[in-house]
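Notes for the one structure printed next.
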Amino acid sequence: MLPVETFKAVVDATPLISIDLLIENEGKYLLGRRTNKPAKGYFFSFGGRILKNETIDNAMTRIAQNELNIELQSKLKLIGVFEHFYDDSIYEGMSTHYVNLAYEYKVEEIPNLPTEQHNEYQWFTIDELLKSEQVHKYVKDYFRG
């Protein structure tokens, strides 16, 4: 893990590479209401940045375990590559830029969802999430044709 001052300089100077997991069950997608910046207060997909020397597969495994308390049992489907630009970040007065790899993963159930990153969870159909003002616009981009 990077020291705080080093990571702060990285966030300020470069894009971060991240992964979002779109968790699907019977045509509905699980989103969590974020408890921290950026996108605090919005329903968002689950994800995080890829760490230095970490493979994409290992990052997906880590993110699924940390954010959803699940072990991935099969390959994930790549949805696409997206860019997220935020006016804020975890650091005061600093913006954030992500190059984001979005993947879909089908589940039957998710037990004991963690509350560190999200304090509320909800299943949405694509139509519901596209219409909801509580779902962040970057999540909606994953589902627009």
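The values are calculated or read from the model by the stated rules, or taken from the named source; none is laboratory data. Bear in mind that the values here come from a model prediction, so they are computed numbers and not experimental data. All Cβ positions, even for glycine, are placed from backbone atoms using ideal geometry, and neighbour counts span all protein chains on display.
Computed values, structure above
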quantity: Qualifying positions in the stretch 43-67 - assigned to a loop (DSSP other than H, G, I, E, B) and either over 23 Å from Pro111 (Cβ atoms) or out of contact with any Asp or Glu (no Cβ under 7 Å at 6 or more places or on another chain) (or both); calculated: Ile50, Leu51, Lys52, Asn53, Glu54, Thr55
quantity: Selected residue (only one of Ile63, Ile79, Ile70 is over 15 Å from Ser18 (Cβ atoms), of a type in the set (Val, Ile, Thr) and surrounded by 13 or more Cβ atoms within 10 Å (Cβ to Cβ)); calculated: Ile70
quantity: Residues of the stretch 1-25 that turn out to be in a loop (DSSP other than H, G, I, E, B) and either buried (at least 18 other Cβ atoms within 10 Å of the Cβ) or at pLDDT 95 or above (or both), as a count; calculated: 2
quantity: Pairs where the first residue, in the stretch 111-125, is under 21 Å from Glu26 (Cβ atoms) and the second is among the hydrophobic types (A, V, I, L, M, F, W, C) and not in a loop (DSSP other than H, G, I, E, B), C-beta under 7 Å, 6+ apart; calculated: Leu113/Leu68; Tyr121/Leu30; Gln122/Leu31; Gln122/Phe43; Trp123/Leu30; Phe124/Leu31; Phe124/Val135
quantity: Residues (at pLDDT 95 or above and of a type in the set (Asp, Glu)) located in the stretch 94-119; calculated: Glu104
quantity: Leading residue by the ranking (nearest to Gln117 (Cα to Cα)) among those in the stretch 68-95 that are in contact with an Asp or Glu (Cβ under 7 Å, 6 or more places away or on another chain) and assigned to a strand (DSSP E or B); calculated: Phe82
quantity: Identity of the residue in the stretch 102-121, under 15 Å from the mean Cα position of the chain (by Cα) and of a type in the set (A, V, I, L, M, F, W, C), that ends up nearest to Gly80 (Cα to Cα); calculated: Ala102
